[in-house]
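Below you'll find the structure, written out as structure tokens, and then a few comments.
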Amino acid sequence: MKTKIAATCLIAGLFMLPTIGYTADSAATTYVKDSVITTKVKAELAAEKMESLVHIGVDTDKKGEVMLSGTVKSQAASDKAASIARNVQGVTSVNNQIKVVAGK
């Protein structure tokens, strides 16, 4: 009797193994990778110590594309933020949606 129960549990576990392995790799790894890239970009922007770069939002998708949003005082500041993001490891492309507001 105990042998049948043990064999049944073993077979059930073997059938579930591929499913468990797949779910462990996909969503959690992607989320962590995206968060790491976003954090690195934000840290680099903060390290630049330009006041206008503090008001920039950073979002990263699962492919490593970074989207920058927010407002800055000049086109040079917008270009600088995009350049900083492009140089972060793991970034595949940058979508610069930063708006230049001269009177800010």
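The values are calculated or read from the model by the stated rules, or taken from the named source; none is laboratory data. Everything numeric in this text was worked out from a predicted model, so none of it was measured. Here the Cβ is made from the backbone with ideal geometry for all residues, glycine too, and neighbour counts use every protein chain on show.
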Does A76 satisfy the condition of being closer than 19 Å to V101 by Cβ, surrounded by 14 or more Cβ atoms within 10 Å (Cβ to Cβ), out of contact with any Asp or Glu (no Cβ under 8 Å at 6 or more places or on another chain) and among the hydrophobic types (A, V, I, L, M, F, W, C)? no
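Within the range 84-95, is there a residue that is surrounded by 13 or more Cβ atoms within 10 Å (Cβ to Cβ), in a strand (DSSP E or B), free of Cβ contacts under 8 Å to residues at least 60 places away in the same chain and not β-branched (V, I, T)?
Applying the first criterion (surrounded by 13 or more Cβ atoms within 10 Å (Cβ to Cβ)) to the range 84-95 yields 84-86, 88, 90-91, 94-95.
Filter once more, so that each one left must be in a strand (DSSP E or B): 94-95.
Among the residues that remain, those that are also free of Cβ contacts under 8 Å to residues at least 60 places away in the same chain are: 94-95.
Checking which are not β-branched (V, I, T) leaves us with 95.
For the range 84-95, residues surrounded by 13 or more Cβ atoms within 10 Å (Cβ to Cβ), in a strand (DSSP E or B), free of Cβ contacts under 8 Å to residues at least 60 places away in the same chain and not β-branched (V, I, T): present.
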Which residues, counting only those in the range 57-73, are within 12 Å of T38 (Cα to Cα) and surrounded by 14 or more Cβ atoms within 10 Å (Cβ to Cβ)? V58, D59, T60, D61, G64, E65, V66, M67, L68
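Every residue, every condition in (1) modelled with pLDDT of 85 or more; (2) out of contact with any strand residue (DSSP E or B) (no Cβ under 9 Å at 6 or more places or on another chain); (3) farther than 21 Å from A102 by Cα, yes or no:
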{"position": "A24", "(1), (2), (3)": "no, yes, yes"}
{"position": "D34", "(1), (2), (3)": "no, no, yes"}
{"position": "T38", "(1), (2), (3)": "yes, no, yes"}
{"position": "S52", "(1), (2), (3)": "no, no, no"}
{"position": "G70", "(1), (2), (3)": "yes, no, no"}
